[in-house]
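What follows is one structure encoded as structure tokens, with my remarks underneath.
The values are calculated or read from the model by the stated rules, or taken from the named source; none is laboratory data. Not measured: the values here are computed from a predicted model. With ideal geometry, Cβ positions are generated from the backbone for all residues, glycine too; neighbour counts draw on all protein chains shown.
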Amino acid sequence: MSFLTQPVGQLPLGIWLSSIILGLIAGLNMIFQTISIIDWKLAMKLRVQEHAPDDPDTVNRTHMVMEWGFSVADVVSHIIIVPLAIFFVLKARPWGFVLCSYLYLFYFYVAIMATAQRWGLVKFGLKESFREYAGVLKIIWIQIIIALIGAVSLWSNPGYFGL
């Protein structure tokens, strides 16, 4: 992965890639989660959320409320962490490495949690099929694959941060 340490302008290629990937993932996450907070039905049309608040299934309504809470937490935490992460990365500060690493690990955690929640709904008999969750999980796992590229790009450049 030495090509990720090659300078491209003022920054190594890996730092550029990581910053762009983090900006895209975090930006999309903030946009979609903000939409979810403000207009859940629009979020459902965009296929970033799954169940309506007026769904006749109690499990679906409960799951929707839990997901809405995650949306609020995502937006609040991202408003604080993402600008700091990008600022400190561009300033070559160790905190940039730490905060970006945290965000990449957070996205991986979310993918595992979201998959396990939906699998658990089927496993414990609350849902008959995993099929209704395929769309949202596909989006989450595509995001994770891209985040892993960003993490590898970041972690290939510890010297940039003086680590």
For this session: Please specify each residue of the range 108-140 satisfying the condition of being assigned to a helix (DSSP H, G or I) and surrounded by fewer than 13 Cβ atoms within 10 Å (Cβ to Cβ).
Result: Tyr109, Ile112, Met113, Ala116, Gly120, Lys123, Arg131, Ala134, Gly135, Lys138
Exercise. What is the residue count in the range 59-76 for residues that are more than 15 Å from Val48 (Cα to Cα) and modelled with pLDDT of 95 or more?
Worked result: 2
Seminar exercise, completed: The lone condition Val89 fails out of (1) over 17 Å from the mean Cα position of the chain (by Cα); (2) closer than 22 Å to Ala52 by Cβ; (3) among the aliphatic types (A, V, I, L, M); (4) at pLDDT 90 or above is (2)
Exercise. Among (1) of a type in the set (S, T, N, Q); (2) in a helix (DSSP H, G or I); (3) surrounded by fewer than 17 Cβ atoms within 10 Å (Cβ to Cβ); (4) more than 13 Å from the chain's Cα centre (by Cα), where does Ser153 come up short?
Worked result: (3)
Seminar exercise, completed: Of the residues in the range 11-36, those that are within 16 Å of Gly69 (Cβ to Cβ) and more than 10 Å from the chain's Cα centre (by Cα) come to Phe32, Gln33, Thr34, Ile35, Ser36
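Suppose the filter is in contact (Cβ under 8 Å) with a residue 40 or more places away in the chain and surrounded by fewer than 17 Cβ atoms within 10 Å (Cβ to Cβ); does Leu103 pass it? Explain how you work it out, then say what you get.
Numbers: in contact (Cβ under 8 Å) with a residue 40 or more places away in the chain: yes; surrounded by fewer than 17 Cβ atoms within 10 Å (Cβ to Cβ): no.
No; evaluated as a whole, the condition is false for this residue.
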For this session: Could you pull out the residue among Ile140, Ile86, Ile80 that is under 17 Å from Thr34 (Cα atoms), touching a helix residue (DSSP H, G or I) at 6+ places or on another chain (Cβ under 7 Å) and not acidic (Asp, Glu)?
Result: Ile140
Exercise. Can you find even one residue in the range 37-53 that is polar (S, T, N, Q) and either assigned to a helix (DSSP H, G or I) or more than 15 Å from the chain's Cα centre (by Cα) (or both)?
Worked result: no
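Being among the small types (Gly, Ala, Ser) and buried (at least 18 other Cβ atoms within 10 Å of the Cβ) is the filter; apply it to the range 1-41 and report the residue that is nearest to Ile146 (Cα to Cα). Please lay out each step first, then the result.
Here is the first cut: in the range 1-41, the residues among the small types (Gly, Ala, Ser) are 2, 9, 14, 18-19, 23, 26-27, 36.
Now restrict to residues that are buried (at least 18 other Cβ atoms within 10 Å of the Cβ): 14, 18-19, 26, 36.
Values: Gly14: 13, Ser18: 10, Ser19: 12, Ala26: 12, Ser36: 22 Å.
Here the answer is Ser18.
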